[in-house]
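To start, the structure itself, in structure tokens.
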Amino acid sequence: MLVRHSLLISVFLFIAGDSAYAGNWHIGATSHCNDCHLQHSTEEGVELPGGPYSYLLVKSSVNELCLSCHDGSDPTAPDVSHPVEMYSGTLSGESAAGFFRDGGLYDSHNHTLGITMLTPLQSAAKSNSLTCASCHAVHGNSNYRNLLHDPGGVGDSLIIEEGKEVLTGRLPDIPPTVAGSIAAYERGNIGYRSGLSEWCVGCHDILRINESSVPPAHFNGHPDRVAMNQFVGDQHADPQHWITGTGDGFDLTAGGIRRVPFESPLATGFAASLLPSSGDRVFCGSCHKAHGGNYASSFLWPFKEGGASFNSGCQQCHNK
Ligand code: HEC
Ligand code: HEC
Ligand code: HEC
Ligand code: HEC
Ligand code: HEC
Ligand code: HEC
């Protein structure tokens, strides 16, 4: 008993010391132990069939635990499980990260949860069975969305803080409300300065460097964290088309889509981070959703499926 108490106290101290620029929920005072743990194998006095589970969790796996609220059944918890309805009244119609389909089955439209797979584009090619805790700190931390400091387990200390690397227009309500969560987690509420690509590369480390190629090509794979105006003379990208935002690829033109996310490294605030400029950089989030979505390879548009929109994201930046 003594041992367990000191363990709990150290958990509290750890959380208290880490609360500046913290994630918005599941941290410090908003880490409600009872949301996820029980003290005995009972829930509200009724014995839990099959319990107690490891770490005294209320569900038998981390994914099942997190999805018990994040599957749309709790209207204040951002829904990350297909189908997602909560953002249908917003301009973007979706969250920043997107969604997963059923865990336990391979699905090329999202990061597959709960089955062991090789990590693609990783030099060590480790096998991994992904859970929510592969990417998020379950007890909160100082990063945006409680993203782990070292997702690849290689000794990284990646910093990606809200208000610094990532800018948001509206914080979620505390205590949570339905309208507050919709507004806070909707894709249009997020502006990126830096950090998210570095974070993805924590696992997909083969993409750590933009490998250079023989001119007139600059790169051997699609470059990442490269600005629209980095090679002005060569016109591989079309900054003016990108800034105007009405031509081929954009939603005012047939087959076009909403402007893809981008990094705005020098933005001074949230509103500025959404204004297109020639210094904007392409990053992982310009092409892929962090969780997944409607298209293969977690793409933001049907690049592999084909049809009128197959190259719309590419056209926004390249206009070929
Ligand atoms: C009892 C319900 C419940 C459970 C269980 C739960 N969550 Fe949440 N979670 C919420 C609610 C509600 C919010 C939104 C609160 C707000 O932002 O006002 C939230 C927010 C979040 C956020 C966004 C936080 C931020 O800083 O922006 C993340 C990430 C998250 N949850 C991950 C998880 C993970 C991982 C698990 C499992 C270990 C989990 N949740 C389990 C209810 C739950
Ligand atoms: C959002 C869900 C969630 C909340 C809220 C939560 N935990 Fe946990 N906790 C987990 C999960 C999931 C694990 C298992 C860790 C893993 O699998 O990585 C865990 C593991 C633990 C452990 C054992 C491993 C370790 O990290 O030391 C302790 C102790 C613990 N939690 C205490 C607490 C206390 C105390 C609170 C309240 C202040 C709390 N937890 C709130 C999800 C949660
Ligand atoms: C491969 C890493 C990864 C896994 C696995 C993962 N997340 Fe996320 N999650 C992210 C990233 C990165 C973001 C932030 C994306 C952004 O804002 O651009 C995020 C954002 C979120 C958000 C904010 C709402 C949104 O949709 O943008 C919630 C809530 C959340 N995750 C919960 C979960 C839960 C619950 C699970 C498990 C079912 C999970 N995540 C698994 C990486 C992951
Ligand atoms: C958010 C903007 C953006 C998006 C979306 C985008 N790119 Fe690019 N792309 C760039 C930038 C910036 C460069 C670097 C410019 C340069 O090399 O002169 C680049 C470079 C390239 C290059 C040249 C590489 C080299 O060696 O010079 C090719 C080919 C390319 N992109 C193809 C694509 C395709 C195909 C898509 C869609 C799947 C796409 N791009 C989506 C911004 C983007
Ligand atoms: C310009 C768009 C674009 C950008 C930016 C981009 N990717 Fe991709 N990515 C693609 C395309 C297209 C594919 C599908 C390639 C294929 O299947 O042949 C892909 C596939 C992948 C795959 C799956 C590979 C496999 O073998 O299944 C991973 C992992 C990946 N990308 C990670 C990243 C990460 C991490 C970043 C940021 C560092 C990133 N991508 C940036 C376009 C992009
Ligand atoms: C904790 C390690 C980890 C992190 C962090 C991570 N990934 Fe992955 N990723 C994996 C594993 C494992 C797979 C193989 C599972 C699968 O293909 O579904 C994978 C598969 C993928 C794929 C191919 C499957 C799909 O989704 O279509 C893409 C694309 C991808 N990751 C992009 C990203 C991007 C973008 C980020 C950052 C937002 C990221 N990954 C962060 C571990 C990670």
- Task: Answer yes if at least one residue in the range 133-147 is surrounded by fewer than 18 Cβ atoms within 10 Å (Cβ to Cβ), under 22 Å from residue 207 (Cα atoms) and more than 14 Å from the chain's Cα centre (by Cα), and no otherwise.
- Result: no
The correct count of residues that are within 14 Å of ligand 3 (Cβ to nearest atom) and touching a Lys or Arg at 6+ places or on another chain (Cβ under 9 Å) in the range 114-128 is 1
Screening 213, 129, 197, 157 for residues that are surrounded by fewer than 16 Cβ atoms within 10 Å (Cβ to Cβ), under 20 Å from residue 282 (Cβ atoms) and of a type in the set (Gly, Ala, Ser) leaves only 213
Selection from the range 295-320 of residues surrounded by fewer than 19 Cβ atoms within 10 Å (Cβ to Cβ), touching a residue at least 24 places away in the same chain (Cβ under 8 Å) and within 8 Å of ligand 4 (Cβ to nearest atom) yields 311, 314, 318
Flagged in the range 255-304 as out of contact with any strand residue (DSSP E or B) (no Cβ under 8 Å at 6 or more places or on another chain) and either aromatic (Phe, Trp, Tyr) or assigned by TED's automatic domain parsing to the domain that holds residue 164 (or both), in numbering order, are 295, 303
Pairs returned, first residue in the range 270-294 that is within 30 Å of residue 101 (Cβ to Cβ), second residue that is among the acidic types (Asp, Glu), beta-carbon separation under 8 angstrom, 6 or more apart or interchain, are 282/224; 282/263; 283/224; 283/263; 284/224; 292/107; 293/94
Across the range 94-112, the tally of residues that are within 28 Å of residue 257 (Cα to Cα) and touching a residue at least 40 places away in the same chain (Cβ under 8 Å) stands at 13
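The values are calculated or read from the model by the stated rules, or taken from the named source; none is laboratory data. This structure is a prediction, so every number in the text was calculated from the model and none was measured. We place every Cβ from the backbone using ideal geometry, glycine too, and count neighbours over all the protein chains shown.
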